[in-house]
Amino acid sequence: MRIDIITVVPDLLKSPFESSILKNSIEKGIVNIVIHNLRDYSTNKYKSVDDYQFGGGAGMVLMVEPIDKCISKLKSERNYDEIIYLSPDGEKLNQSTANKFSLLNNIILLCGHYKGIDQRVRDNIITKEVSIGDYVLSGGELAAAILCDSIIRLIPGVIGDETSALTDSFQDNLLSSPIYTRPRDYKGWKVPDVLISGNNNEIDKWRMEKAIEETKKKRPDLN
Ligand code: SAH
């Protein structure tokens, strides 16, 4: 999978891809992340990519032309399945969307900044708008990193034990069951007997019951 990310703050996107699972997925060649500095597509000598709003009002707006130039260049090189704008008023990201995106080959993520981007980009170039939640960030970069993480960990071969991602919260519209590791007894706080019984059927049954119980308790809206 190839993910092109367009940003005015490329530095913000360095560290999320330099550690752990995302780093490994890149090193294994499963994912290719390409960061583009929007300023490289500026059409003026000051390298600016934003301007004042028509009609007045606070906050600068990212201009249509540099964004169009950057995305047109990318589209001339390969086909893209989706061109996604990270936006607080987009479709809210959930596990089902992450699953769908993880099956795509090439996507572009456009990060807004300041007040946002010229509406004509959204009307004519963007194919999907994604929000990571009902709050406003300063820029789309952290949202893009979150979207990438949620997608990449689902691609086969990225997580060592592939079943691990499948048993995470939300995969079956259920939250995860409680998990434990050694020691069996810490200060009298004990691991449930069933988990050390060696009886896999009983363990599966317990996990399912607990997942249903946790979901009812914490997220009754999921059912
Ligand atoms: N004026 C806009 C907010 C702009 S915030 C509004 O009121 O809707 C600046 C940029 O941060 C946005 O262009 C977007 O790319 C990103 N952003 C902010 N909050 C976000 C969220 N919840 N999800 C995804 N992207 C977000």
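The values are calculated or read from the model by the stated rules, or taken from the named source; none is laboratory data. Everything numeric here is computed off the predicted structure, so don't read it as measured data. So basically every Cβ, Gly included, is an ideal-geometry build from the backbone, and we count neighbours across all protein chains shown.
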Quiz item: Looking at (1) more than 16 Å from the ligand (Cβ to nearest atom); (2) in contact with a helix residue (DSSP H, G or I) (Cβ under 9 Å, 6 or more places away or on another chain); (3) over 30 Å from LEU175 (Cα atoms), can you tell me which one SER72 breaks?
Solution: (2)
Self-check item: Within the range 44-135, helices (runs of 4 or more DSSP H) holding 1 or more residues that are among the polar types (S, T, N, Q), more than 17 Å from the chain's Cα centre (by Cα) and at pLDDT 95 or above
Solution: 64-77, 119-124
Quiz item: What helices (runs of 4 or more DSSP H), lying completely within the range 136-221, carry at least 3 residues that are surrounded by 17 or more Cβ atoms within 10 Å (Cβ to Cβ) and more than 16 Å from the ligand (Cβ to nearest atom)?
Solution: 200-218
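Please specify each residue of the range 136-158 satisfying the condition of being among the small types (Gly, Ala, Ser) and at pLDDT below 95.
Kept after step one, since they are among the small types (Gly, Ala, Ser), are these residues of the range 136-158: 138-140, 143-145, 150, 157.
Residue satisfying the conditions is GLY157 alone.
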Quiz item: Residues in the range 116-124: is at least one within 16 Å of the ligand (Cβ to nearest atom), under 30 Å from LEU38 (Cβ atoms) and free of Cβ contacts under 8 Å to residues at least 24 places away in the same chain?
Solution: yes
